[in-house]
Structures are given as structure tokens and as C-alpha cells.
Amino acid sequence: MAGLKKPKTYDWKDSNLALFGSQLEKDVKKESAMGEPAWKGAGEKVGLQVWRVVQFKITHWPKEDYGKFYSGDSYIILNTYEEEGGSELLHDVHFWIGKESTQDEYGTAAYKTVELDNFLDGLPVQHREVQGHESQMFLSYFKTITIMKGGAATGFRHVGPREYTPRLLHFCGTRKSVQVNEVPLCRSRIKSDDVFILDLGEKIYQWNGEGSNKDERYKAMTFCQELEHERCGRAKADVIEEGRTSEEHEFYTSLTGEDEEDDGDQYDAKDKDHELFRLSDASGKMKFNQSKKGQVSKSDFDSKDVFIFDCKNELFVWIGDKTTKAEKNNAMAYAHEYLMKTDHALIPVSCMKEGKESKEFRVAIAA
């Protein structure tokens, strides 16, 4: 609505962790006081469950939209599984922050993730995911990750095709993970190595770059078919090939928007050495010190303390079985303060208890 002030969006150096103790936390706790109905049935069987944050509340995300995210929203994702040969249900719970998500939304997602962890008796491994810097574990849950601009309410299902805002979608990757990102309607974004879909509402064009691979082309074709199905025959998709289509084609003449700054690829640390930090109050005061740099092994961890393990492309917060309450309560806050002092605050963060370590953690200390 005209005249409304645009809400504050995600600051890459901001963090949900800095919000603990704020009025927002109190608001969320008040909403949670009577119990969270969204958690009914959560984690009771093997599979994936996704929720979206809507004004301090948690809403179920439609299963047909799993893998689709809006940059203006925040989400909670629960993966329940059994290890091979085992019968115990295990869980990983992630909160995903869209880069245009408001502070209220991603703060609520963080608190509700902790709440879901408590609901499941503290068994899950908790993870923070940030748009464009997702962990490999998170990406593995979905055959295709699709990132759209705006919030979920801007989706095609809420408007007629003649009112639809054109979108340009970029398909890039291989069979294991083809990612789909909405990019500006700008000619300079078109690359020969990839596939693009121009969605005009009633007309959809799939543009295949000369250097694109079969996985990108197949994913794009499937995506077009899904759009046609969703629109009940009101939309028609055509495929065009680079170098075989006139510059006067509607695909090209529709690319009239201005380019925007790109957030770039995954973070690449300058210092490649792993670092291990210990958080301990054994001396009577809370102390946070580096305990090792370089190769880290299981023997470097002590059950009496909290450790923050920086692998440069992911951060692990490890909570020992015999840590004090103060150490546990300060673990994520110290992880946040540490990240604030580095040049890589966007990396995924995983918080786990001793004995509940993730596969990625076990691989990192064995590397």
C-alpha cells in the first residue's frame, strides 16, 4: 500500500542471536504460552516438514511447494530420519532466512526453532541457513531449490494471469542440485552456460543456452509443465534455443529491467585452517579462547565445556554433556559474537549436543 514504510530487511551482519532478551522474544514467548498447534505431529515419522513464519505465527507450507522459498520470508524445516540399521527417530531442524525477510520474521523463526527442539525433547540438531549460503545438508533435501523474490503472498496463485508480474528465473547446476533463482529482468543476466525461464503469466519461454547441460534443461522443462498445470491451461510454454531465435523475439524484448547487485557465490575463506574455540566458566568467569588451529580431532573436545568449531564454510557449536547451564545458555551468543568479528558471517551454523553430532561434523573432524 502506498505510503507505508518498507520493513527492515535482513542485514548480512545482523543475526537472530542478537535478538534474545528483546521485546520480540517476549512477544514470541507470549504467543507460544498456550502451546504451538503447528507442532502437532511434528517429527513423529520419517520425512520432511516445512513451516513458514507469518506475523509471529507458524503456518504449514504446502507439500507441493517444498523446495520453493521466497526471499521476503523465513521458514522452519524439520527432517526426521533413521540411521541405517537403527530404529530411533533422529532430527535436523533448520531455520532459513530470506535476504529480504524482516527482523520480526527471522527472529521468530529462530525462537520457534528452539521451541520445536524443546518439543522434541532436545533431540534435534539445530541449523541456521541464510539464502545463497545454504549448507549441503539443507540442499540435499530438495531435488530443486527455487528462490523467488518477494513474499509468499506474491505468488501466481493469488492473482490472475493478466495481473501477473513478469519474472526471469535462472536454472543452474547438475542432477544432484539444480538451483532456481529469480533474477532481474535484465539482458546482461542471460548466460550461455545456463537455462532461463521468462514467466509472463499467460506466456512462458524456456531459453536454453548453448552451453547448458541436460539436467538444467530437464528441470526447466518440468518447471514449465508445473506452471502450465497450476494455471489450468491459461498459460502456454515454448522452448527457444540460443542462436536460433531473432533478437526481436518477445523473450528478448521483454528484458527491459535494470540489473541489481549480485550477492555472489558461496563464501571462500582467506584463511583455510580450521579453528577450535572453547567456552568455559571453570575459572569462575566466562572465558572464550582459541584452543586449536589446524587439524581438529574428537579428542580436542571436552564434555565439561562448549566448543565452537570454525570450518570456514560452516560453523559448529558443540555442547558437552557436562557443561554448566551458563555455558549452554551462552553458546550461540558467543558463536554470534565470533562471527561478527570475522569476514564470514553468512556461513551455516549448526548447534548440537554431545552424542548427537551430525554427519557433517563427524566428517569435518576426520578430514
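Laboratory data are not the source of any read-out in this text; all were calculated from the coordinates shown. Small disclaimer: the values here were computed from a predicted structure and weren't measured. Because the Cβ atoms are built from the backbone with ideal geometry, glycine has one as well, and the counts that use them run over all protein chains shown.
For Lys203, the residues whose modelled amide H falls within less than 5 Å of its own, excluding neighbours fewer than 5 places apart on the same chain, are Lys236.
Take the Cβ-Cβ distance between Glu247 and Gln55 as r, set R0 to 56 Å, and report the resulting FRET efficiency rounded to the nearest 0.05. That gives a FRET efficiency of 0.75. With θ taken as phi - 60° and the Karplus curve 6.51 cos²θ - 1.76 cosθ + 1.60 applied, the whole-hertz 3J(HN,Hα) list for segment 254-260 is 7, 8, 10, x, 8, 6, 10 Hz, x standing for glycine and proline. A simple rule links phi to the HN-Hα coupling: the Karplus curve 6.51 cos²θ - 1.76 cosθ + 1.60 with θ = phi - 60°, which for segment 103-110 gives 4, 4, 6, 6, x, 4, 4, 5 Hz, with x for Gly and Pro. Ranked by the mean number of other Cβ atoms within 10 Å per residue, highest first, peptides 351-364, 238-251, 93-106 order as 93-106, 351-364, 238-251. Computed over the alpha carbons of segment 275-366, Rg followed by Dmax gives 12.1, 34 Å. Checking the cross-link pairs Lys272/Lys322; Lys191/Lys219; Lys45/Lys312; Lys143/Lys298 against a 23 Å limit on the alpha carbon distance flags Lys272/Lys322; Lys45/Lys312; Lys143/Lys298 as lying beyond it. Segment 119-134 and segment 87-101 have Cα centres spaced 4 Å apart. Paramagnetic label reach from Asp273 (point 7 Å along Cα→Cβ; backbone nitrogen cut-off under 20 Å): within segment 295-315, residues 295-301, 307-315. Close amide H pairs (under 5 Å, H built 1.01 Å from N) link Gly150 with Ser71, Gly72, residues at least 5 positions away or on another chain. Computed from the C-alpha gyration tensor, the three semi-axes of the ellipsoid equivalent to segment 61-145 are 22, 16, 10 Å, from longest to shortest. Each 5 Å bin from 0 upward holds the following percent of the Cα-Cα pairs of segment 54-111: 4, 17, 23, 22, 13, 10, 7, 4, 1. Sorting 135-142, 281-288 by average packing, meaning the other beta carbons within 10 Å per residue, from highest down gives 135-142, 281-288. Full extension of the chain between Glu260 and Gln290 yields a length gain of 6.9 nm, computed as 0.36 nm times the residue separation minus the alpha carbon distance.
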